[in-house]
Ligand SMILES: [Zn+2]
Ligand SMILES: [Zn+2]
């Protein structure tokens, strides 16, 4: 969060209520949210001054400054989560029945991807991994 405010200040952006609310909310999530989900959660927390349009503007601005990254799960909904300055990241499991998105991390997967890049003599800057299927709850139903 401190990092976000620093980058915004350096880019000449004065703090705005919507941006602060979005940064604060996403900083408390374990995974990505769409603009609509961000808006709904802010409302549920009692935030009444931030409109949906300003949430859209805020995520656009924050993604442009690379404070948020856009997560594409293949369903045409843009989701956002904070970019870690350390490069730490996770990947996603998507349930095709309930639509729930879960994060996961796997050191072996990261090593395997690095080895693939190396074998292809590719200087990898990033990667996306999405697993689609049915979550344990939906399998049990
Ligand atoms: Zn995520
Ligand atoms: Zn990874």
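The numbers here are math on the coordinates, done by the rules we state, and not lab data. Here the structure is a predicted model, which means the values were calculated and not measured. Positions of Cβ are backbone-derived with ideal geometry, glycine not excepted, and every protein chain shown enters the neighbour counts.
Please go through the range 13-34 and pick out each residue that is in a helix (DSSP H, G or I) and either touching a strand residue (DSSP E or B) at 6+ places or on another chain (Cβ under 7 Å) or free of Cβ contacts under 8 Å to residues at least 40 places away in the same chain (or both).
At the first step, the residues of the range 13-34 found to be in a helix (DSSP H, G or I) are 17-27.
Selection gives 17, 20, 21, 24, 25, 26, 27.
Might you let me know whether the range 90-104 holds any residue that is within 13 Å of ligand 2 (Cβ to nearest atom), more than 30 Å from residue 11 (Cβ to Cβ), touching a residue at least 12 places away in the same chain (Cβ under 8 Å) and out of contact with any helix residue (DSSP H, G or I) (no Cβ under 7 Å at 6 or more places or on another chain)? So that I can check it myself, show each step before the final result.
Of all residues in the range 90-104, those within 13 Å of ligand 2 (Cβ to nearest atom) come to 90-92, 103-104.
Narrowing further to those that are more than 30 Å from residue 11 (Cβ to Cβ): 104.
Among the residues that remain, those that are also touching a residue at least 12 places away in the same chain (Cβ under 8 Å) are: 104.
Now drop any that are not out of contact with any helix residue (DSSP H, G or I) (no Cβ under 7 Å at 6 or more places or on another chain), which leaves 104.
Checked against the condition, which is being within 13 Å of ligand 2 (Cβ to nearest atom), more than 30 Å from residue 11 (Cβ to Cβ), touching a residue at least 12 places away in the same chain (Cβ under 8 Å) and out of contact with any helix residue (DSSP H, G or I) (no Cβ under 7 Å at 6 or more places or on another chain), the range 90-104 yields at least one hit.
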